[in-house]
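The values are calculated or read from the model by the stated rules, or taken from the named source; none is laboratory data. This one's a predicted model, so the numbers in the text were calculated from it and none came from an experiment. Positions of Cβ are backbone-derived with ideal geometry, glycine not excepted, and every protein chain shown enters the neighbour counts. Protein only, heavy atoms only, side chains kept; ligands, DNA and RNA dropped before computing areas. Shrake-Rupley method; radii C 1.70, N 1.55, O 1.52, S 1.80 Å.
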Amino acid sequence: MNLDFKRKLPIPQQIKTRYPLTPDLEAIRDERALELKKIFTGESNKFVLIIGPCSADNREAVLDYISRLRTVSEEVKDKIFIVPRIYTNKPRTTGDGYKGMLHQPDPDETPDMLKGIVAIRDLHMAALKDYGFTCADEMLYPDNYRYLSDILAYVAVGARSVENQQHRLTASGIEVPVGMKNPTSGDLSIMMNSITAAKHRHTFIYRGWEVTSQGNPLAHAIMRGYIDYAGKSVSNYHYEDLVKLYDIYAESGLGNPAAIIDTNHANSGKKYLEQIRIAKDVVYSCNHNSDIRKMVKGLMIESYIEDGAQKIGEHIYGKSITDPCLGWEKTRELIYKIADTLE
């Protein structure tokens, strides 16, 4: 193999021992996990917002953003359950570009995976310790999930990973909600197959062990739009799309039918300001149809302190260095609007 083996990295248990959760933090985690579980099983009708930067590129700015979410969260907690996005590893369409904090704790420096592992655990722990938030992250690398497995509230499997067997099997052994995005082709059968696999028990190889999973009853769909044969973005958040998904779930016989609607990516054509309109449209669909309201558990919104995106090296505080995001003032107004209009 044409690989340069640089160094052996610590196993997840070593990192967890070095940076452990205290009993107080575990209690907060467990309380939030139970509340989120009740939403996905239908015991609670709160609406979930998985919201935050496209990528967690800067510790100070991300925690600043989360501190602002904390204030708003307290004001809308009767209706809305907020899960901040701390996405620390990023899939790249061509493989090139910034791959997230796991690879580069400092986007201006060369990759350092050891520093990255420590940095992502530190950031998730700070969100929990300082602001009482367990957060969401993307499971880009199934083997790396264990570094954060004791601290995450929510896990997303991306559009490029949802067909991968190891992602599906690993998701079946995760205890928190795992969202399976529709693939970039838009084929919902692929997404539903992934959800089915994640809900079932499996025996497989994981991190050098033969393991048996119990199945994840909280695995669910994420509708994120798709790219057609001509390379154009096609949305799938509309009322008709949600009715179709409801019917597919009904035919599947799967328990806990659930969906999160991604307001960005192909649903918005990466026009980040469209997220405001899309969010309102989905809430309207929920208010109009009780079946959709039961199935749609919430929204995924890309949001940061400043509107838009910047190039690496520009150093504009709180502005995304990957996909464009909705700025804070618009975000806060949108959260209040959702809380006010959701029935």
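List of remarks:
- Selected residue (criterion: surrounded by the most Cβ atoms within 10 Å (Cβ to Cβ)) from residues of the range 1-36 that are in a helix (DSSP H, G or I) and either hydroxyl-bearing (S, T, Y) or more than 23 Å from the chain's Cα centre (by Cα) (or both): Q14
- Within the range 274-299, the set of residues being under 22 Å from V178 (Cα atoms) and among the basic types (K, R) comprises R293, K294, K297.
- Within the range 203-256, the set of residues being in contact (Cβ under 8 Å) with a residue 40 or more places away in the chain, under 30 Å from P12 (Cα atoms) and surrounded by fewer than 20 Cβ atoms within 10 Å (Cβ to Cβ) comprises Y206, R207, S213, Q214, G215, P217.
- Residues (closer than 14 Å to A258 by Cβ and either within 18 Å of the chain's Cα centre (by Cα) or open to solvent by 10 Å² or more (accessible area, probe 1.4 Å) (or both)) located in the range 283-294: D291, R293, K294
- Condition met for I39 (at pLDDT 95 or above and open to solvent by less than 10 Å² (accessible area, probe 1.4 Å)): yes
- Taking residues in the range 19-38 that are in contact (Cβ under 8 Å) with a residue 60 or more places away in the chain, and partners anywhere that are of a type in the set (K, R), the pairs with Cβ atoms closer than 8 Å and at least 6 places apart or on different chains are Y19/R121; L21/R29; L25/K129.
- From N144, N193, residue being at pLDDT 95 or above, part of a helix (DSSP H, G or I) and buried (at least 17 other Cβ atoms within 10 Å of the Cβ): N144
- So L123, is it assigned to a loop (DSSP other than H, G, I, E, B), crowded, with 16+ Cβ neighbours inside 10 Å, in contact with a Ser or Thr (Cβ under 8 Å, 6 or more places away or on another chain) and not polar (S, T, N, Q): no
- Taking the listed residues S55, S67, the one that is of a type in the set (S, T, N, Q), under 30 Å from T341 (Cα atoms) and part of a loop (DSSP other than H, G, I, E, B) is S55, with no other qualifying.
- Condition check for T263: of a type in the set (V, I, T) and over 15 Å from I50 (Cα atoms): no
- Only one of the listed residues (G269, G255) is more than 22 Å from A219 (Cβ to Cβ) and not in a helix (DSSP H, G or I). That residue is G269.
- Taking each residue of the range 166-193 that is in contact (Cβ under 8 Å) with a residue 24 or more places away in the chain and charged (D, E, K, R) and looking for partners that are surrounded by fewer than 24 Cβ atoms within 10 Å (Cβ to Cβ) and part of a helix (DSSP H, G or I) with beta-carbon atoms closer than 8 Å, six or more apart or interchain, yields R168/A197; E175/A33.
- Any chance Y336 is part of a helix (DSSP H, G or I) and either touching an Asp or Glu at 6+ places or on another chain (Cβ under 9 Å) or at pLDDT below 95 (or both): yes
- For the range 43-74, a residue qualifies if it is within 14 Å of M101 (Cβ to Cβ), open to solvent by 10 Å² or more (accessible area, probe 1.4 Å) and either in contact with a helix residue (DSSP H, G or I) (Cβ under 8 Å, 6 or more places away or on another chain) or acidic (D, E) (or both), and the qualifying residues are D57, R59, E60, L63.
- Criterion: under 23 Å from T71 (Cβ atoms), under 19 Å from the mean Cα position of the chain (by Cα) and open to solvent by 10 Å² or more (accessible area, probe 1.4 Å) - qualifying residue of I301, I305, I335: I305
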